[in-house]
């Protein structure tokens, strides 16, 4: 498929929380001329705390789950046997649906010969849109107790799929589970944020394996960089991984971040750092697109 | 009365399995017939919802009482609806747990865990 694209989609991820995904994605978006920031960390989205957006719009996200009419159910158990997630059980002549286990495939409703199952909507969270200077934000929020944020992430990308004039920065959930796969699926490039510890290397390796599996072009940003010895830097050199940049261990930056301030918007020094990081990333993306064609 | 216990192997000397939903077998002791039956737990290899499926197997085998070291909230919901009582096992031995239950020395399982889903995600 050949498509003319003027913008790039950058996913920022890491093997664990607290490495600096939000710091990097928020500041790269803030350093861009025009940007979209998508918070896919739906269990604990925090990009909006930095951007403090105006003109907020909210939209509920729901999934379809089955509802049973036990008067029509004849206990054939076709649905119970079909469900690979075991979201249905037939106990004492009654069919039970376990809402939290259901993955909304709709198979049971299709299969039921008695039409005893119908679909109903169940709200699992919301998407909040807003504006902060030149950045347009989409924040996904999963309700507490819900099992999977994947439907919300799908909806986030559905809403943003036609945007072609702004660069898109995706703040991913931590780790390498389904929600992360869903977040990086359509990305042009992945930025892995790493910490300078042995534990950090272990987590970096997890996302390194993931982006390799997904055949995504990627590079690493070494956050809280330690000049004397940085195990994550050693890992990158050993595995011939592109290092996009180093954000030195810096108490002032940590403080700004802890106060939910956007470093790029408060201090010229950080603006220079992140603008140059953004240029490096853009160059990498261009190289990747060129070598693809 | 039929008493079920999750067990590690298909023999009476086998220990009580620490997991209810993912135990490989259930031993079902029929107190009237005085016999032991082993049921394979086909739920053990499920990608998800193993507790619900394992509970369905227990219900389908018309068990009256389940002796188990632990149980998740979904399976426990099935048992409540089915009227099956759960008692907490003490120690590893299948035979002594059955004996203790019959003599009234086991207490009801009251601590229901929220499930071990998504472990190791972060």
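The spread of Cα positions in the protein assembly as shown, taken along each principal axis and listed from longest to shortest, comes to 82, 52, 42 Å. A Gaussian network model of chain A, with springs between Cα atoms under 10 Å, assigns the largest mean-square fluctuation among A:228, A:268, A:119 to A:228. When only Cα pairs below 8 angstrom with a gap of at least 6 residues are kept, the range A:70-115 shows a relative contact order of 42 percent.
Taking Cα atoms only, the orientation of helix A:198-213 departs from the longest principal axis of chain A by about 70 degrees. Mean per-residue shielding of peptide A:85-98 is 6, counting Cβ atoms of other chains within 10 Å of each Cβ.
Summarising the label geometry, the points placed 7 Å from Cα in the beta-carbon direction at residue A:255 and residue A:110 lie 6.0 nm from one another. Among A:63, A:272, the order by Cβ neighbours within 10 angstrom, fewest to most, reads A:272, A:63.
Extension gain for residue A:84-residue A:49 works out to 8.7 nm (0.36 nm per residue, less the C-alpha to C-alpha distance). Computed from Cα atoms, the angle from the helix A:150-160 axis to the main principal axis of chain A rounds to 60 degrees. Computed over the alpha-carbon pairs of the range A:134-183, the distance histogram in 5 Å steps reads 4, 17, 29, 26, 14, 7, 3, 0 percent, short to long. As a proxy for reagent exposure, ranking A:82, A:157, B:26 by other Cβ atoms within 10 Å from fewest up yields A:82, A:157, B:26.
Given a Förster distance of 30 angstrom, what is the FRET efficiency for residue B:31 paired with residue B:73, based on the Cβ-Cβ distance and rounded to 0.05? Step by step, r from the Cβ atoms, then E = 0.55. Between residue A:74 and residue A:215, the contour length at 0.36 nm per residue exceeds the Cα-Cα span by 45.9 nm. Binning the C-alpha pair distances of the range A:70-115 at 10 Å intervals from 0 yields a P(r) profile of 28, 62, 10 %, listed from the shortest bin outward. Rounded to 0.05, the FRET efficiency of the residue A:163 and residue A:197 pair, given R0 = 60 Å and the Cβ-Cβ distance, is 0.95. Across the range A:38-116, the mean sequence separation of Cα contacts (distance under 8 Å, 6 or more residues apart), normalised by length, yields a relative contact order of 31 percent. In this structure, residue A:287 and residue B:45 have a Cβ-Cβ separation that, at R0 = 51 Å, corresponds to a calculated FRET efficiency of about 0.70. Under a no-solvent Debye model with one identical scatterer per Cα of the range A:181-249, what's log10 I(q)/I(0) at q = 0.18 Å⁻¹? Values, matching the q order: -0.62. Between A:110, A:181, A:226, find the one with the highest GNM mean-square fluctuation for chain A; connect C-alpha pairs within less than 10 Å. Residue with maximal mean-square fluctuation among A:110, A:181, A:226: A:110. What angle do you read, to the nearest 10 degrees and between 0 and 90, between the alpha-carbon axis of helix B:73-82 and the longest principal axis of chain B? The answer is roughly 50 degrees.
Expressed as a rounded percentage, what relative contact order does chain B have, with Cα pairs under 8 Å and six or more residues apart?
25
For the range B:2-102, the alpha carbon positions stretch 32, 26, 22 Å along the principal axes, listed from largest to smallest. Using 0.36 nm per residue and subtracting the Cα-Cα separation, the extra length available between residue A:266 and residue A:238 on full extension is 6.4 nm.
Of A:15, A:254, A:47, the residue with the greatest mean-square motion in the GNM of chain A, using alpha carbon springs below 10 Å, is A:254.
Could you list A:233, A:288 in order of exposure, starting from the residue whose Cβ has the fewest other Cβ atoms within 10 Å? Before the final figure, lay out each step's value.
Details: A:233 20, A:288 16.
Going from least to most buried by this count: A:288, A:233.
At 37 °C and a viscosity of 0.692 mPa s, what translational diffusion coefficient does Stokes-Einstein give for the range A:131-226, taking Rh as the Kirkwood radius over Cα pairs? Give it in µm²/s as a whole number.
Working: Rh = 15.0 Å.
For these conditions, the coefficient is 219 µm²/s.
Every read-out reported here was derived from the displayed coordinates using simple, explicitly stated rules and does not represent laboratory data. Given the structure is predicted, the values throughout are model-derived calculations rather than measurements. Virtual Cβ from ideal backbone geometry, glycine too; neighbours counted across all protein chains shown.
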